[in-house]
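Quick notes on the structure that follows.
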Amino acid sequence: MAITLSASDVPSPPLSARLSPPQVWGIVLLVPYLLVFLAFVVYPVGYGLWLARHPSSYVALYNDPIFARAAVNTLIFLVIGINIKMLIALFLSGFFAQQRPWIRWLSVIFILPWAVPSIPTILSVRFMLNPEWGVVNQLIFKFTGDDGPNWLNDPAVALAMAIGVHIWKSLPFWTLILLTGRLAIPHDLYEASDVDGANWWQKFRYITWPSMQTLYITCTLLSMIWTLGDFNSVYLLTGGGPADLTHVLSTLGIRYLRLDQLSLAMASIVCAMPFVLPLVYYMMKRLSR
C-alpha cells in the first residue's frame, strides 16, 4: 500500500538550516542593537508618554503662563536663531573653501567652540557676562568709566544672548557640513563662469546655491529638530531666568522636574511633538526624492 504525505506532514528543517551563515551572523550582531534600542529608546519614550497620559496635566500646563512664554521662546529660537546660524554657516563655508595655507590654521581655531564640551564653554560666557566681576563689564568700565548693564537681567537681552551662544557653539559643525557640499561642486563650473565674466554673486546664484539647496534645507530642518531638544544654551546661561521668562520647552521640562511635577514635565516635552513631527516628515520626504 502506497502512503502519500501532504506538504503539511513533511517536517520543515530547523531555522538554522534555512539561514545562510551571513544571515545568522547578521541576526547575532543585530540582537544587541535591538536590546539597546528597546532599553534606551522605546522604553523611556513609552514610559514618558504613559506619564503624560492624563488630560489634567495638559490643562494645568495650559493655565501656566510660563508655558506660553516658553512656547513663544521656542518659536523665536527656531525661526530666528536657526536661520541666522545657517545663513552665516553658508557664507563661512565659502570663506573656508579658499585654498590658502592660513585658512587651515584658522579653521582649527574656528572649530574649537563646537569641539569643547558645552558646560565649560557656556559657563565661561556666563561668567564673562556677570554684572559685578565679568570681563565684559570690566572692559566697559575701563574704556568708558560707566558701569555695564546686567546682561542676563532683561528677558529679551538674556534670550538674545542664549541664541547667540547657541549660534556660536554649533556654527562650526554646520559650516563644516556645508563646506563639504561646496567642495563637491565641480571646479570646472567656476572656471567656465570666470571665462564668461561672472561676478561672485552670479556664481553663487547660478552655481553654488542650486548645487547646495537640498543640502542646505536638509541641514536647516535637522538643526531645528536638534535644537528643540537642546537645553544647554538656555539652561547653562540663564537657567530660564529672569523670572522664568527665557525658558524653552526643553528647559521647562527640567523646571517641572525640579519642582517634583513629573507629569507636567513629560507633558511639556510631549507638547514639542507638533514642532518635531512636521519637520521630520518634511525632511524624510525631501530625502526620499
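Scanning segment 46-80 for residues that are more than 26 Å from the chain's Cα centre (by Cα), open to solvent by 60 Å² or more (accessible area, probe 1.4 Å) and among the charged types (D, E, K, R) yields one hit, R53.
Residues in segment 154-208 that are of a type in the set (G, A, S) and touching a Leu at 6+ places or on another chain (Cβ under 6 Å): A158, A162, G181. Taking the conditions (1) assigned to a helix (DSSP H, G or I); (2) open to solvent by less than 60 Å² (accessible area, probe 1.4 Å) in turn, W168 satisfies each one other than (2). Summed over segment 254-289, residues that are open to solvent by 20 Å² or more (accessible area, probe 1.4 Å) and assigned to a loop (DSSP other than H, G, I, E, B) total 6.
Among the residues of segment 91-100, are any among the hydroxyl-bearing types (S, T, Y), surrounded by 13 or more Cβ atoms within 10 Å (Cβ to Cβ) and at pLDDT 85 or above? Checked segment 91-100: at least one residue is among the hydroxyl-bearing types (S, T, Y), surrounded by 13 or more Cβ atoms within 10 Å (Cβ to Cβ) and at pLDDT 85 or above. Residues in segment 136-162 that are surrounded by 20 or more Cβ atoms within 10 Å (Cβ to Cβ) and in a helix (DSSP H, G or I) were compared, and the one that is modelled with the lowest pLDDT is N137.
Looking at segment 226-253 only, could you name the residues that are part of a helix (DSSP H, G or I) and open to solvent by 40 Å² or more (accessible area, probe 1.4 Å)? Answer for segment 226-253, where residues must be part of a helix (DSSP H, G or I) and open to solvent by 40 Å² or more (accessible area, probe 1.4 Å): W226, N232, Y235. W133 meets each of the listed conditions (1) farther than 20 Å from F231 by Cα; (2) open to solvent by 60 Å² or more (accessible area, probe 1.4 Å); (3) under 25 Å from the mean Cα position of the chain (by Cα); (4) not polar (S, T, N, Q) apart from (3). When L29, L5 are checked against the criterion of being over 23 Å from the mean Cα position of the chain (by Cα), among the aliphatic types (A, V, I, L, M), modelled with pLDDT of 80 or more and open to solvent by 80 Å² or more (accessible area, probe 1.4 Å), L29 stands alone in meeting it.
The values are calculated or read from the model by the stated rules, or taken from the named source; none is laboratory data. Just so you know, these numbers come straight off a predicted model, no measurement behind them. Using ideal geometry, Cβ is built from the backbone for each residue, glycine included, and neighbour counts are taken over all protein chains shown. For accessibility, only protein heavy atoms count, side chains too; no ligands or nucleic acids. Shrake-Rupley method; radii C 1.70, N 1.55, O 1.52, S 1.80 Å.
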